[in-house]
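K.L.:
Sending over a structure as structure tokens; questions will come in a sec.
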Amino acid sequence: MAFDFFVKSDITFGRNSVNELPRLIKGYKAKKVMLVYDAGVKFAGIADTVLHSLNEADVEIVIFDKVIPNPTNEIVEKAAVIAKEEEVDAFVAVGGGSSIDLAKAIDVLMTNPGPIGRYGGIGMVEHDLLPLIAIPTTAGTSSEITNVSALIDTEKVIKYVVIDNKLVPSKVIIDPEFTKTMPASVTASTGMDAITHAVESYISNMATPLTEYNSLQGLKIIYHNLPRAVKDGSDMEAREQMMLGCVITGFGFSNANLGLVHGIAHTLSAHFQLAHGMANATVLPYVMAFNAESCPEKMVELAKAMDLPVTGDIESDKYLLSEELLKLTKELGIKTLSEQGITEEDFEMVADDVLNEPVLSFNPRQNVTKDDVLAILKKAY
């Protein structure tokens, strides 16, 4: 069997690894760097730490601190105008998936004509990008190592993705110290996002032996450390392991793609601005139960990776994963759809839009119907 497996990331991993930033910037001979981050990163003091490190690189710094959750086409275009006017020649993105995805999209427009929406899909970016150093502050999206930028088209009211190998950040600094200020709720939702990546990529119909290995190993690490990190944010061993598991999982899902969970989550985020990780986590257990009959053996392997008590009866064991994920979401305080402001009147519209999500083509159970989606939404309500 022939298959492709793409890995491009150049990673510096470990506590206080942000100290390597000046050396990395100097290596690009950059003169003016745009630093991209959000209000949460600034409030936590992380932006100041990175700024201090950047100042040691003797470069001019342009700050873009208007990152929003689920970045839109409009914010990409606005930031790109600033970057071009300032003649930025490198980027540093600090934060979660929104900050890093936004920086990737801005970078696309530095060397490719706009608007950004023209690059939705796979392999649409023509020219190479400027250097981008990604510094994640959450253990969830894996955006720092993937070739994906997820954006909201506010006119079409959809969440779409730009997928191109040129989008993989040039360098990655993974400093677990930057995650210890995350609130427990953010640790929980981003961690469940990483778990979603692991399980969806493992059962994807695009999975290969290499992606399956990464997905299983990542799941094992994240599952055993996420409750610890949520319970005690100062547990740096758990924080470090979460970052490690997120990277490993990222190598898997960026090659195998995802499925129905993300199809539903994309739609919820587009219409209701739900945080991506929370949207995934809310429906994850129910989608896994729905998918179980299409890939029972893989569901059992996922259960084994989490050290769940497998009985040998595949008809019952195939639901161990979904049952455990439901317990975990309750333990971590993941909100139901109703608790996030979604009403049952919204379900018809959501279900219709989910069926148009391209990511459904990678789901192990095909021919998903509107009634299937409605049933999942009702369970998650």
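K.L.:
Does anything in the stretch 146-164 have its amide N under 19 Å from the 7 Å Cα→Cβ label point of residue 74, and if so which residues?
P.N.:
Zone members listed by number: 150-160.
K.L.:
Would you mind calculating the relative contact order of the stretch 1-131 from Cα pairs under 8 angstrom and at least 6 residues apart, reporting the percent as a whole number? The partial results should precede the final answer.
P.N.:
Working: 158 pairs, mean separation 33.9, N = 131.
Here the relative contact order equals 26 percent.
K.L.:
Then there's this: Using alpha carbon coordinates only, what is the Rg to Rh ratio of the stretch 14-69, with Rh defined as the Kirkwood radius? Could the numbers behind the result be given before it?
P.N.:
Working: Rg = 11.6 Å, Rh = 11.8 Å.
With Rh from the inverse mean 1/r over Cα pairs, Rg/Rh is 0.98.
K.L.:
For the chain, what is the largest minus smallest coordinate of the Cα atoms on each principal axis, given in angstrom and ordered from greatest to least?
P.N.:
Sorted from largest, the Cα extents of the chain read 63, 46, 44 Å.
K.L.:
Something else about it: The stretch 126-159 to the stretch 12-88: how many Å between their Cα centroids?
P.N.:
Here the answer is 15 Å between Cα centres.
K.L.:
Ok, one more. Over the stretch 293-381, with a single point scatterer placed on each C-alpha, what log10 of the ratio I(q)/I(0) does the Debye formula yield at q = 0.11, 0.12, 0.21, 0.22 1/Å?
P.N.:
-0.41, -0.49, -1.13, -1.15
K.L.:
Further, regarding this structure: Which net charge results for the neighbourhood of residue 49, defined as the other residues with beta-carbon distances under 14 angstrom from its beta-carbon, given Lys and Arg at +1 and Asp and Glu at -1? Before the final figure, lay out each step's value.
P.N.:
Numbers: positive: 15, 42, 180; negative: 20, 48, 56, 175, 177.
That works out to -2.
K.L.:
Reachable lysines from residue 298, Cα under 18 Å, same-chain residues fewer than 8 places away excluded?
P.N.:
Reachable lysines: 220, 318.
K.L.:
Taking every DSSP beta bridge with both residues inside the chain, roughly what % is antiparallel (nearest 5)? Don't skip to the answer; put the middle values down first.
P.N.:
Numbers: 6 of 28 bridges.
Counting only bridges with both partners in the chain, antiparallel ones make up about 20 percent.
K.L.:
Related question: Tally up the carbon and sulfur contribution to the accessible surface of the chain as a whole percent, 1.4 Å probe, everything protein left in place.
P.N.:
On the way: 7870 of 15350 Å².
Here it works out to 51 percent.
K.L.:
Please give the peptides 148-157, 199-208, 363-372 ranked by average Cβ packing (other Cβ atoms within 10 Å per residue), highest first, as a rough proxy for protection. Mind showing how you got there, number by number?
P.N.:
Numbers: 148-157: 18.9, 199-208: 23.9, 363-372: 15.0.
Averaged packing, sorted descending, gives the order 199-208, 148-157, 363-372.
K.L.:
Ordered by packing density, taken as the mean number of other Cβ atoms within 10 Å over each peptide's residues, highest first, how do 352-361, 263-272 rank?
P.N.:
Values: 352-361: 17.2, 263-272: 23.9.
Ranked from most to least packed, the peptides come out as 263-272, 352-361.
K.L.:
Here's a follow-up. State, as an integer percentage, the relative contact order of the chain based on alpha-carbon contacts under 8 Å between residues 6 or more apart.
P.N.:
Rounded, it is 15 percent for the chain.
K.L.:
Can you tell me which of 252-262, 123-133 comes out highest on packing, and rank the rest after it, using the mean Cβ neighbours within 10 Å?
P.N.:
Details: 252-262: 26.6, 123-133: 17.5.
The packing order, highest mean first, is 252-262, 123-133.
K.L.:
Additional query: For residue 228, tell me the accessible area in Å² from a 1.4 Å probe, rounded to the nearest 10.
P.N.:
Surface open to solvent at residue 228 totals about 90 Å².
K.L.:
A further question on this structure: Work out, in µm²/s and without decimals, the Stokes-Einstein translational diffusion coefficient of the stretch 213-346 at 25 °C, 0.890 mPa s, Rh from Kirkwood over C-alpha pairs. Walk me through the intermediate numbers first.
P.N.:
On the way: Rh = 15.9 Å.
Rounded to a whole number, D works out at 155 µm²/s.
The values are calculated or read from the model by the stated rules, or taken from the named source; none is laboratory data. No experiment lies behind these values; they were computed from the predicted model shown. Note that we place each Cβ from the backbone using ideal geometry, even for glycine, and neighbour counts take in every protein chain shown. These accessible areas exclude ligands, DNA and RNA; they are computed on the full protein's heavy atoms, side chains included. Shrake-Rupley method; radii C 1.70, N 1.55, O 1.52, S 1.80 Å.
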